[in-house]
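Novice: One structure, pasted below without further comment.
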Amino acid sequence: MTPEETVRAECAAWGRRDLDEITSYFAPDAILVDWPGKRRDGIDKIRKVIDGYLSQTEWCKITAWRDYFDTASEAGGIATHPSR
């Protein structure tokens, strides 16, 4: 499987809310760092986090997307869309 095929397959698994398939794309010793930076080491902890995401969300459609990895804007700055 190519890297692109792997990413597409994992995204499709999220769409099906398939915990087993989603976590099958993680190495046993993978590290997940989520927002706001909490680190989860190992597939068991990652699986627990993803299961929590899946159990707390409803089927929905994305109406707005914000990239919160810009910590400077989160700390009080203003982020604007480049086309505006």
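The values are calculated or read from the model by the stated rules, or taken from the named source; none is laboratory data. Quick caveat, the model's predicted, so the values are computed rather than measured. A quick note on method: Cβ atoms are made from the backbone with ideal geometry, for glycine too, and the neighbour counts reach across all protein chains shown.
Novice: What tally of residues in segment 22-37 results from selecting those that are exposed (fewer than 10 other Cβ atoms within 10 Å of the Cβ) and at pLDDT below 90?
Specialist: Of the residues in that region, 3 qualify.
Novice: Hey, another quick one. Would you please name the residue that is modelled with the highest pLDDT, looking only at residues in segment 38-84 that are of a type in the set (S, T, N, Q) and closer than 24 Å to VAL7 by Cβ?
Specialist: First, pick out the residues of segment 38-84 that are of a type in the set (S, T, N, Q): 55-57, 63, 71, 73, 80, 83.
Checking the rest, the ones that are also closer than 24 Å to VAL7 by Cβ come to 55-57, 63.
Numbers: SER55: 83, GLN56: 77, THR57: 71, THR63: 62.
For segment 38-84, the residue satisfying everything is SER55.
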